[in-house]
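The values are calculated or read from the model by the stated rules, or taken from the named source; none is laboratory data. Remember, predicted model here, so these are calculated numbers, not experimental data. Neighbour counts are summed over all protein chains in view; Cβ atoms, including those assigned to glycine, are modelled from backbone coordinates with ideal geometry.
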Amino acid sequence: MAFKFIHCSDLHIDSPFKGFSSVEHSLAEVLRKSTYQAFQNIVDLALKEEVDAILIAGDIYDGADKSLEAQLKFRRLLQKLSDEGISIFIVYGNHDPLDSWSASLEWPERVHIFSGKEVESVPVKKNGIVEAHIYGISYPKRDVKENLVRKFSHDNTGGFALGLLHSNVGHQPDHGNYAPCSMEDLIAAGMDYWALGHIHRFQVLRESNPAVVYSGNTQARHMRESGEKGCCLVTLNENTVPSIKFVPIDAVRYVQDKIDISGSVTLEEVIHAVRSRCEELVGRIQGRDIFLDLSLSGRAQVHFELQKGDTIRELQD
């Protein structure tokens, strides 16, 4: 028996973007819609792959001031999944804790949102057979400093056991230390797979017994989050190492790159090098929009000409 699911987290739907206050309106609109589009891409992937479930490990929204529009758009996509028989399991994190919810929305039939009181165990059935149990708990408030993993315990019911949580494993310093835990805590809980959120990078901390995975955020929001963003397509089979495939689903890609222009004699040579690199990078990202931070390095005869404002604007164009 195989259990196939998507693990994603940190959607930050309708999030403001940092460092782009001066971009023209059309580009600003692309950025604004990108977090929605990224989740739409997850929905499309789920339907294509015919997954059994989607696990969302917190921070669906960016803050307590989430708009009703954002919630309605999110619910519309969940309804599409539910109508196709796909179960959705959600825990809330530090950006969207339970005490920040004000809008009373009814969620589709196959959506389960975990409470913040205690760890719940919810079965996933297919053709009347239990394939897995999803264990999860949401943040009741923003600042959760308790080790929530110690509340998890596999109850030896049928199917695979999956833990769903927003947490900082090993006190990673570049993210807030919310619901901190250790690898030893995760192993002791008896899960087969830990679907984690909070860290904005795809990381497989442990491959099996249990698999411990951060899917990373689904859409970058500034240049410090450059590179691919996406979700995990996972298949669990008895007595085998889980198949964990990272699938890029970001709508806008942030890329930082550098060109060595040493030896360039003319400005035209520099422009050609920049255009060639831009075309190469655009070709790699498969039709996505791209925001590129391109640096020039090296000694060249055109150094002083490159300092001129008109030259910089020409290169940007």
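A few remarks follow.
- Scanning the range 152-175 for residues that are over 22 Å from Ser215 (Cα atoms) and either at pLDDT 90 or above or of a type in the set (A, V, I, L, M, F, W, C) (or both) gives Ser153, His154, Gly159.
- Among the residues listed as Phe74, Phe89, the single one being at pLDDT 95 or above and either in the same structural domain as Ala179 (by TED's automatic domain parsing) or at negative phi (or both): Phe89
- Within the range 51-71, the residues that satisfy the criterion of being part of a loop (DSSP other than H, G, I, E, B), over 24 Å from Leu162 (Cα atoms) and either over 17 Å from the mean Cα position of the chain (by Cα) or modelled with pLDDT of 90 or more (or both) are Ala64, Asp65, Lys66, Ser67.
- Scan of the range 145-178 for residues that are more than 21 Å from the chain's Cα centre (by Cα) and assigned to a loop (DSSP other than H, G, I, E, B), ordered by number: Lys145, Glu146, Asn147, Phe152, Ser153, His154, Asp155, Asn156, Thr157, Gly158, Gly159
- Scanning the range 196-216 for residues that are out of contact with any His (no Cβ under 6 Å at 6 or more places or on another chain), in a strand (DSSP E or B) and within 14 Å of Cys231 (Cβ to Cβ) returns Leu196, Gln203, Val204, Val213, Tyr214.
- Picking from residues in the range 212-226 that are in contact with an Asp or Glu (Cβ under 7 Å, 6 or more places away or on another chain) and of a type in the set (A, V, I, L, M, F, W, C), the one that is surrounded by the fewest Cβ atoms within 10 Å (Cβ to Cβ) is Met223.
- Flag if Tyr135 is closer than 19 Å to Leu55 by Cα, hydroxyl-bearing (Ser, Thr, Tyr), touching a Phe, Trp or Tyr at 6+ places or on another chain (Cβ under 9 Å) and not in a loop (DSSP other than H, G, I, E, B): yes
- The set of residues in the range 227-286 being surrounded by fewer than 15 Cβ atoms within 10 Å (Cβ to Cβ), small (Gly, Ala, Ser) and outside any strand (DSSP E or B) consists of Gly227, Ser262, Gly263, Ser276, Gly283.
- Residues (buried (at least 18 other Cβ atoms within 10 Å of the Cβ), in a strand (DSSP E or B) and hydrophobic (A, V, I, L, M, F, W, C)) located in the range 114-132: Val124, Ala132
- Only one of the numbered conditions (1) more than 18 Å from Val30 (Cα to Cα); (2) buried (at least 16 other Cβ atoms within 10 Å of the Cβ); (3) of a type outside the set (Gly, Ala, Ser) is violated by Asn209, and that is (2).
- Taken over the range 71-89, the residue count meeting the criterion of being in contact with a helix residue (DSSP H, G or I) (Cβ under 8 Å, 6 or more places away or on another chain) and either in contact (Cβ under 8 Å) with a residue 40 or more places away in the chain or of a type in the set (Phe, Trp, Tyr) (or both) is 3.
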